[in-house]
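In what follows, a structure is listed as structure tokens, so that the remarks can point back to it.
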């Protein structure tokens, strides 16, 4: 719920949309329908990665870690978008999903293949922050687990994510 409140609140703060009760309800439902399945899938990937590497994290802590990381990622995204909105001229369009100053994708030209654009877009400050938080969360959820097991589980999550990015880019 915190993530949804942050996302909806940032839309109101940045774009000042016309508000009606129906739009608010529809916006909240849209956020719920898009965030919850993605967090369930991400939790499943993290949980399976911890099982493969014998980290010993059960489903509930894996889900909690993923949700906490997502809320922190959302806060970081809003912070970067806020700074970009304050620093850039009013004519600049600040994309809340991919704010400026977070990755090198904005430096690529239009001729860059979509696969490369997707991979470069994934390597950003917010993703590194999320991976660090994921590692810390898994270490906290399984304090007796081997560090290389936790690191391997996080690396597995990275490989799954990048595989998804490349697959989606190739399907376009």
Exercise for the section: Please go through segment 35-57 and pick out each residue that is in contact (Cβ under 8 Å) with a residue 60 or more places away in the chain and either surrounded by fewer than 13 Cβ atoms within 10 Å (Cβ to Cβ) or on the phi > 0 side of the Ramachandran plot (or both). Expected result: 52, 54, 56
Exercise for the section: Filter segment 59-93 down to residues that are without any contact (Cβ under 8 Å) to a residue 12 or more places away in the chain and not in a helix (DSSP H, G or I) and give me whichever is nearest to the chain's Cα centre (by Cα). Expected result: 93
Handout entry: Residue list for segment 137-154, restricted to those being in a helix (DSSP H, G or I) and exposed (fewer than 15 other Cβ atoms within 10 Å of the Cβ)
Key = 140, 147, 148
Fill in the blank from the handout: The condition from (1) modelled with pLDDT under 95; (2) surrounded by 16 or more Cβ atoms within 10 Å (Cβ to Cβ); (3) more than 15 Å from residue 69 (Cβ to Cβ) that residue 127 misses is numbered (3)
Handout entry: Test result for residue 17, touching a helix residue (DSSP H, G or I) at 6+ places or on another chain (Cβ under 8 Å), over 24 Å from residue 125 (Cα atoms) and in contact (Cβ under 8 Å) with a residue 24 or more places away in the chain
Key = no
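The values are calculated or read from the model by the stated rules, or taken from the named source; none is laboratory data. Bear in mind that the values here come from a model prediction, so they are computed numbers and not experimental data. Positions of Cβ are backbone-derived with ideal geometry, glycine not excepted, and every protein chain shown enters the neighbour counts.
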